[in-house]
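Only the coordinates and a few stated rules stand behind these numbers; no lab work does. Since this is a predicted model, take the numbers as computed values, not measurements. Ideal geometry is used to build each Cβ from the backbone, glycine not excepted, and the neighbour counts take in all protein chains shown.
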Amino acid sequence: MDAFYASVELLRYPQLRGQPLVVGGRRVATPAVSDDGSMQFTPLRDYRGRGVVTTATYEARALGAHSGMGLMTAARLAPDAILLPADFSAYRHYSARFKMAVASLAPQIEDRGIDEIFIDLTAHRHDPAQIAGRIKEAIRTSTGLSCSIGIAPNKLLAKMASELDKPDGLTLLRPTDLTERIWPLPAGKINGIGPKSAQRLASLGIHSIGDLAHAELGLLQEQFGPNYAAWLHAAAHGRDDHPVVTEAGRKSVSRETTFERDLHPRQDRNELTGILVSLCERVAADLQTLGLCGRTVGIKLRYDDFRTVTRDHTLQAPIGEPEALLAASRECLRRAPLERPLRLLGVRVSALAPVAEIAESRGSWVQGELAFGE
């Protein structure tokens, strides 16, 4: 879906279309109605706190604001942007509607969370663009929202293709299009190569995906280790064997973010806390959309030296609320080394069960009382 949360907000506030708009923060006031009936919106420049951008319109993204960024940082880049609080109940409602519209036409779906899915169109191999066009129209009719669809031989390329012509794009990417459409792109356009990896590749003279495809595997192994190097090499050549996994095969629900700069668990604790809160909120929203909960909560940390560690915490009863996910994530963090700067943080829930099994949550959900790693 195109800038999903922001697009849902624009259905509610159509007068903001074409303006930079940021959604995020837990203590942001909802727009007020003045005496003359006009809406009074909060400008981003007035924000004070440690909240994180949940999403931004394309106009705000053009100014440098993006999801996962601290709202105070976004305010310096886009001070005139409008700031709205996140409304996850509305997002779940529209998420369910767009997925029902898709399922009526192409039921082989892998649900990737509240705003993204993979669809197996093998049964429509002779007219994939036609069925994709029908899917786009069905979503627009059902929700009033636009989406961007990428059609390709595998999930890696389909994900990249969906980004090529946003918003409201429909991109068909054949294997023969790899050298012309994919190789000229920056290496960081591959989902899984974050800003720090892109910088490290650039220091080796590897700037584009084509450069990466032609890089010596031995050099990549020396710099990134054998596993990540093998994945980089395969991804640059458009290879991906991961199947579309329907709900019967789902093992976990996760969200992660790679930072624009390395963040230290001590010096940048407030910013990391805000990011962790945001990740738990998004995982909780995904779980509710899927009708699932889980007993095992895990965190993923990637350090500035590209070393990655994970820690899991298994509970007696399944959970799905953001406050419970946050508490479990913090239990994981207590067992993780937090001496080095971090470049990536992720939250995962596994041992999934239907939502009816969620135990009642009694945790406190006050962001100001929480700190990363304490």
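Key figures for this structure:
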quantity	calculated
Estimated inter-spin distance, Ser34 and Gln199, nm [label 7 Å along Cα→Cβ]	4.4
Mean Cβ count within 10 Å, highest first, over the residues of peptides 151-157, 43-49	151-157, 43-49
Linear extension gain, Glu163 paired with Met100, 0.36 nm per residue minus alpha-carbon span	20.4 nm
Gained length - Ala230 relative to Ala90, 0.36 nm times residue gap less alpha-carbon distance	46.3 nm
Label point 7 Å beyond Cα of His237 along Cβ direction - residues of the stretch 202-224 with amide nitrogen under 20 Å	206-224
Electrostatic dipole magnitude of the chain [Cβ: Lys, Arg +1; Asp, Glu -1; Cα centre; debye, to 20]	440
Point-to-point label distance, Arg125-Val309, nm (Cα→Cβ direction, 7 Å offset)	4.7
